[in-house]
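Input: a single structure, listed below in structure tokens.
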There are 4 protein chains.
Amino acid sequence: MTYRGDPIYLEDLLFVPEYSLIEQSLHARKGATTTNGDGFGVGWYAGRERPGLFREVLPAWNDGNLRELSHQIMSPLFFAHVRASTGTETMRANCHPFAVENWMFMHNGQIGGYEKIRRAIDNALSDTLYTHRPGTTDSEAIFLHLLSNGLDVDPCGAMEATIRSIEDMARQADVEEPFRMTAAISDGKRLYAARYSTDPEPPSLYYRQDEIGTLIASEPFGTVTDGWRPVKANTFLHCSEDGNIRVQPLMI
Amino acid sequence: MTYRGDPIYLEDLLFVPEYSLIEQSLHARKGATTTNGDGFGVGWYAGRERPGLFREVLPAWNDGNLRELSHQIMSPLFFAHVRASTGTETMRANCHPFAVENWMFMHNGQIGGYEKIRRAIDNALSDTLYTHRPGTTDSEAIFLHLLSNGLDVDPCGAMEATIRSIEDMARQADVEEPFRMTAAISDGKRLYAARYSTDPEPPSLYYRQDEIGTLIASEPFGTVTDGWRPVKANTFLHCSEDGNIRVQPLMI
Amino acid sequence: MTYRGDPIYLEDLLFVPEYSLIEQSLHARKGATTTNGDGFGVGWYAGRERPGLFREVLPAWNDGNLRELSHQIMSPLFFAHVRASTGTETMRANCHPFAVENWMFMHNGQIGGYEKIRRAIDNALSDTLYTHRPGTTDSEAIFLHLLSNGLDVDPCGAMEATIRSIEDMARQADVEEPFRMTAAISDGKRLYAARYSTDPEPPSLYYRQDEIGTLIASEPFGTVTDGWRPVKANTFLHCSEDGNIRVQPLMI
Amino acid sequence: MTYRGDPIYLEDLLFVPEYSLIEQSLHARKGATTTNGDGFGVGWYAGRERPGLFREVLPAWNDGNLRELSHQIMSPLFFAHVRASTGTETMRANCHPFAVENWMFMHNGQIGGYEKIRRAIDNALSDTLYTHRPGTTDSEAIFLHLLSNGLDVDPCGAMEATIRSIEDMARQADVEEPFRMTAAISDGKRLYAARYSTDPEPPSLYYRQDEIGTLIASEPFGTVTDGWRPVKANTFLHCSEDGNIRVQPLMI
């Protein structure tokens, strides 16, 4: 879930709305798994160049620190993520969002056949990104590839180049599983999102705008249920500093 | 879930069976809540006078240490518990099972209106039990009352006395919510279980016996689904050292 | 360690100074124990009525979330605490600071013979404070007694009454160990500190003022080592909203 | 610390001896850092092919589960490790010991300039070892190289090959810092240890034998302080199934 708009308290996003992310972490309706209890993370921009991150291996619904911080932290730009691991042990370094300098990233979905192409994906990274990679997830690998592929110059182009190179590696390794993903990205000012899949079944992604701001989320939430619009499959969404949304197709 | 019988590895109880406790922790079918991700605990007897305990605040399905220990620990008598907190923060000292000397206890359900009678319940404890109480749950309070009420001499009588005194305190405090409970208790040799409620809706409890041993659980599990029998409401179950089961009514 | 003054980032207190609290948690010079690795906590006021709390069972020197939050959180009033447990297991609910409504409290030292008088201390609390007490430490008990004894009307008087009643209970239980304490208290505007012991050896406490603000700490720290003044034994320190300090004797 | 001999309870190694590992974790005398509070791990063989592991990010002196398990777990072959991180966040996957199939490994020291040669070290691994590597430490990398270099056929030769290849990579990357290490290795029957450094300052390593068994440790401990003998620099120690010790030089 991502928010960009007037500064608000994080709790107004996480705990107050009906069918909030916290509630979703217990019972997601549209996700592949019905419980997202394998760690969580929040990120926000608050006057510092790099975003703040708070990530924990406990379920989001059960962390007293998250409740405390959500009551105190105010920001115009929030990311929040709940994780359902697919087997590996939960550790903070594998919890979303991820941050490098002023960039923040989070991700749903997975690189099909990641185990077969993990080394190829890692080796395509620069020395610096390789060495300072704290975690071990495919999600973080996608983020680092975006940074290598010019995220700061052309975000949509960086996403296209990243998808192409990962699908190339998968083809060369005879991977049959699809690469499925939704992603949210920010530099602290602009907000981007992508929805893509090799096959016709990308994870769900919705957005909603009102006079307060823009919400992007895997599933609609809140009391006002209308106004949520699906992000089309295989598109890239730009949200400018003044909240204008533009959606363009991903040319893979 | 409780096991008493031939020595087995804990993983054969926790991870191998179909619809195991681990799977139940993600999606319980009969419980009041559908996710039990707020900590877990296992207890076992293995040649020491007091039982071993391993309790953790992470979800059971996601703890690498539990998986490791379950592969190594062999015992003829296991307790295992997954917790769904009803609001308070999860901490190890509040995770089941609880142990005092050779006794082990775990519990499902709750003392209705606990907040109103917590002080009365605490004050009925002996100085020693009061001072050395590590946690803050109603479950632990029930255990300590059982110990005060002669658990080592007459387990069923101790349970009856405990229920009566807690219901007395509730009446005096004008509590309207029922006291609902299932419990498992052991001294390392014998195994006891209780199912009770002030109203007609005690939590579910089942048992099953075969040539290997006896299982008691909130919900049936495993490949062989027949043979599970419900423990009747308001009864106390004795399982002797040689596996004989006797069920007697709780006289409240 | 407590700060009151111009708004600063928490990291400027915790990580930047020479011989900072983080470094002290590894190697304290004046404390009873030389490592304070059993959990930590920070508290701050930032535009909300009640203070923010972030408490964790890990050593402070080793928590990535603390580092992240310290870079982002700005406040004119910080509390920070590192804990060396004296035997009990570490849990968040036992980490300082503690907060009730707009009040925040933290503590060094201990109630001598706490185990003997724990029930008496608990029973002197109001029903509401008793029932909603999340932790089990003597420190939290002192805080709740201060609140019961009129902290919002006369902080020094509340401290005197609390010390007197605890020492009374200790005398009645033939406790010989002294009640030793330093404490920091705030309502979000004013700052208070106390240093006391039944015997002539209260824990150390220092304060320092410059044009930026006021620091109170168990041990002097920072590059500028002069200017630190000891708080006299058995006194109560008031720091007003405009930074004026007044020290008065505790009349026990 | 490593033990091989008559089956004993882990607590007799960890908690009972004077100046035990637990005490050492608070105040090491010979280590580079004086507090080892950044996680711990224990490993043991108990009738299963692969060893049991219990690893945690808390300080060893403060973990209730470790105390419980140490009272219950009996084995003829224990590894125990306390960690002082040099900057990276603590996570279980980075805590020693490490295990692959029946092999167990733990390590003190570090690969000088690891950041410069991390990719080269990783790329020298087989696909399988690369893909299934759960952690990110240089220690785990050494273990995986030993496995690639024939640990099961010639343990000392595998160690020599591993040291040579790592020092080669370091030379090629103009690393000036030395590769310093002590290590303990077991297949469940035999026990091996190594002490090595590129420069003349390898970490300390001692062993001691009596009628009960063999101890190998970074620092002598226990009531009986005599009998501890230093393992010579740049040697490899074999301890056979019947406890015979043979030390041979590492030919680098």
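The values are calculated or read from the model by the stated rules, or taken from the named source; none is laboratory data. Everything numeric in this text was worked out from a predicted model, so none of it was measured. Cβ coordinates were reconstructed from backbone atoms using ideal geometry, including for glycine residues, and neighbour counts include every protein chain displayed. Each accessible area value is taken on the protein alone, full model and side chains, heavy atoms only, with ligands, DNA and RNA left out. Shrake-Rupley method; radii C 1.70, N 1.55, O 1.52, S 1.80 Å.
Observations on the model:
- Flag: B:R171 does not match the condition of being among the basic types (K, R), farther than 27 Å from B:P249 by Cβ and either surrounded by 20 or more Cβ atoms within 10 Å (Cβ to Cβ) or more than 14 Å from every other protein chain (Cβ to nearest Cβ) (or both).
- Scanning the range C:102-131 for residues that are crowded, with 17+ Cβ neighbours inside 10 Å and of a type in the set (A, V, I, L, M) gives C:M104, C:M106, C:I111, C:I117, C:I121, C:A124, C:L125, C:L129.
- Residue that is nearest to C:L151 (Cα to Cα) [pool: residues in the range C:205-239 that are in a loop (DSSP other than H, G, I, E, B) and modelled with pLDDT of 95 or more]: C:N234
- Looking only at residues in the range C:36-56 that are more than 13 Å from C:S186 (Cβ to Cβ) and free of Cβ contacts under 8 Å to residues at least 24 places away in the same chain, the one that is least open to solvent (accessible area, probe 1.4 Å) is C:F54.
- Close pairs from the range C:1-16: first closer than 17 Å to C:Y207 by Cα, partner basic (K, R) and modelled with pLDDT of 95 or more, Cβ under 9 Å, at least 6 apart: C:R4/C:R190
- From the options C:F143, C:F79, C:F98, residue that is within 14 Å of chain B (Cβ to nearest Cβ) and either within 17 Å of C:D187 (Cβ to Cβ) or not acidic (D, E) (or both): C:F98
- Count of the range B:241-252 residues which are open to solvent by less than 50 Å² (accessible area, probe 1.4 Å) and at pLDDT below 95: 1
- Check on C:A28, within 13 Å of chain A (Cβ to nearest Cβ), at pLDDT below 95 and either buried (at least 18 other Cβ atoms within 10 Å of the Cβ) or more than 23 Å from A:M91 (Cβ to Cβ) (or both): no
- Between A:D138, A:D122, the distinction of being acidic (D, E), on the phi < 0 side of the Ramachandran plot and more than 11 Å from every other protein chain (Cβ to nearest Cβ) belongs to A:D138 only.
- Residues satisfying the stated conditions in the range A:101-119, i.e. within 12 Å of A:I142 (Cβ to Cβ) and away from chain D (no Cβ under 14 Å): A:F105, A:M106, A:H107, A:N108, A:G109, A:Q110
- Residue tally, condition touching a Cys at 6+ places or on another chain (Cβ under 7 Å) and within 16 Å of A:T235 (Cβ to Cβ), over the range A:153-191: 1
- Of all residues making up the range D:86-133, the number that are more than 16 Å from D:E56 (Cβ to Cβ), basic (K, R) and in contact with a strand residue (DSSP E or B) (Cβ under 9 Å, 6 or more places away or on another chain): 1
- Qualifying residues in the range A:102-134 (those that are more than 25 Å from A:T2 (Cβ to Cβ) and among the polar types (S, T, N, Q)) - the one modelled with the lowest pLDDT: A:T131
- In the range D:57-76, the residues that are part of a strand (DSSP E or B), within 13 Å of chain B (Cβ to nearest Cβ) and open to solvent by 10 Å² or more (accessible area, probe 1.4 Å): D:M74
- Residue within the range B:90-101 that is touching a residue at least 24 places away in the same chain (Cβ under 8 Å), under 17 Å from B:Y3 (Cβ atoms), open to solvent by less than 10 Å² (accessible area, probe 1.4 Å) and not in a loop (DSSP other than H, G, I, E, B) present: no
- The helices (runs of 4 or more DSSP H) found wholly in the range B:115-197 and carrying at least 3 residues that are over 22 Å from B:E101 (Cα atoms) occupy B:155-172.
- Residue selected from the range D:15-25 under the condition surrounded by fewer than 24 Cβ atoms within 10 Å (Cβ to Cβ) and of a type outside the set (S, T, Y), by the criterion modelled with the highest pLDDT: D:F15
- On the stretch given as the range B:142-196, residues that are in contact (Cβ under 8 Å) with a residue 12 or more places away in the chain, over 24 Å from B:Y207 (Cα atoms) and among the basic types (K, R) total 1.
- Any pair with Cβ under 8 angstrom, 6 or more apart, that starts in the range C:233-252 at a residue that is charged (D, E, K, R) and ends at one that is surrounded by fewer than 15 Cβ atoms within 10 Å (Cβ to Cβ) and outside any strand (DSSP E or B): C:E241/C:K189; C:E241/C:R190; C:R246/C:S240
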